[in-house]
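S.K.: Okay, here's the structure, questions in a sec.
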Amino acid sequence: MTHSIKFWAVVPAAGVGKRMNADRPKQYLELAGKTVIEHTLLRLLSAEVFAAIAVAISGEDPYWPELEVSVHEKIITAAGGKERADSVLSALKSIRALASDNDWVLVHDAARPCITATDIHHLIDSLVSDEVGGILALSSHDTLKNVQGNGIVGTLDRSHIWRALTPQMFRYGLLKTSLEAAEGNPAITDEASALELQGLQPKIVEGRPDNIKITRPEDLALAQFYMEHQND
Ligand code: C5P
């Protein structure tokens, strides 16, 4: 019997977002009438491609159960972990019985609410025949400096520098074993870095610049502006 390949989304949402200086984790701040995480999840659902979305939530999170989307039939709640990579691994384990090793997983930050269905489909169409998988990324327009203390010690060749965004798309089995092999390694700040440690070369797919990550207070106004001007 042949198994048809499925697509799963994993959303790490167990961070506290210290740089926002807010009274609650940044994914629960209000943005255009909803919380940040509701926008993110509704946009992933609107892509109409995922078998389910596994969301990693902190054990001490009182906000998540209050959201209607938390009981959506396609949403699975998993326990968050100490670091982002731990949260992603926990979410992957929560769908172990449902997913096959060859299925694709798209990992997307809860804090990137401006993701569009266009970008999700662009990533999938670009990588679905690839051996390894890859990530949405943006080239750097600024000149990049290598700094020690507050002094510049060099200028990087920006033609080789890309900014990693999400979603990041990898096969379930390869992603899980790569994250397990890298457990506890502080250099693993995204999924691609876990695969790089295995000697693999994930691809980059140019993403949209409006797919910002909410990190600082001013990012909420910028996200609202982008949302009002997106029409796909
Ligand atoms: O802090 P940063 O913006 O890099 O976090 C990226 C994403 O990872 C956020 O959606 C955050 O909620 C999530 N995260 C997590 N578990 C952690 C730390 C961060 O799910 N322990």
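S.K.: Only one of these is away from the ligand (no atom under 16 Å from the Cβ), over 26 Å from residue 225 (Cα atoms), among the acidic types (Asp, Glu) and over 14 Å from the mean Cα position of the chain (by Cα): 66, 30, 48. Name it.
M.R.: 66
S.K.: Considering every residue within region 189-208, establish whether at least one is within 17 Å of the chain's Cα centre (by Cα), within 13 Å of the ligand (Cβ to nearest atom) and aliphatic (A, V, I, L, M).
M.R.: So far as region 189-208 goes, no, none of its residues is within 17 Å of the chain's Cα centre (by Cα), within 13 Å of the ligand (Cβ to nearest atom) and aliphatic (A, V, I, L, M).
S.K.: Counting just the residues of region 1-27 that are open to solvent by 30 Å² or more (accessible area, probe 1.4 Å) and of a type in the set (Val, Ile, Thr), which one comes out nearest to the ligand (Cβ to nearest atom)?
M.R.: 16
S.K.: Same structure again: Given 138, 123, which one is under 17 Å from residue 44 (Cβ atoms) and not small (Gly, Ala, Ser)?
M.R.: 123
S.K.: Another question, then. Return the total of residues in region 200-232 being modelled with pLDDT of 95 or more, more than 30 Å from residue 177 (Cα to Cα) and in a loop (DSSP other than H, G, I, E, B).
M.R.: Result for region 200-232: 2.
S.K.: Something else now. Looking at region 114-154, which of its residues are over 30 Å from residue 30 (Cβ atoms) and of a type in the set (Ser, Thr, Tyr)?
M.R.: The answer is 126, 129, 139, 140, 143.
S.K.: Sort out which residues of region 40-55 are surrounded by fewer than 17 Cβ atoms within 10 Å (Cβ to Cβ), aliphatic (A, V, I, L, M) and touching a helix residue (DSSP H, G or I) at 6+ places or on another chain (Cβ under 8 Å), and write them in order of number.
M.R.: Listed by number, the list holds a single entry, 42.
S.K.: Looking at 67, 29, 42, which is the one that is closer than 17 Å to residue 116 by Cα and either of a type in the set (A, V, I, L, M, F, W, C) or out of contact with any Leu (no Cβ under 8 Å at 6 or more places or on another chain) (or both)?
M.R.: 42
S.K.: Does region 188-203 hold any residues that are buried (at least 18 other Cβ atoms within 10 Å of the Cβ) and not small (Gly, Ala, Ser), and which are they?
M.R.: Across region 188-203, the qualifying residues are 188, 190, 191, 195, 202.
S.K.: Out of all the residues in region 143-187, which are closer than 28 Å to residue 125 by Cα, open to solvent by 20 Å² or more (accessible area, probe 1.4 Å) and either touching a Leu at 6+ places or on another chain (Cβ under 9 Å) or at pLDDT 95 or above (or both)?
M.R.: 158, 161, 162, 163, 164, 171, 174, 176, 177, 180
The values are calculated or read from the model by the stated rules, or taken from the named source; none is laboratory data. Only a predicted model underlies this, so the values are computations on that prediction, with no experimental measurement involved. Note: ideal-geometry Cβ built from the backbone for every residue, glycine included; neighbour counts use all protein chains shown. Keep in mind that these areas ignore ligands, DNA and RNA; they rest on the heavy atoms of the full protein, side chains included. Shrake-Rupley method; radii C 1.70, N 1.55, O 1.52, S 1.80 Å.
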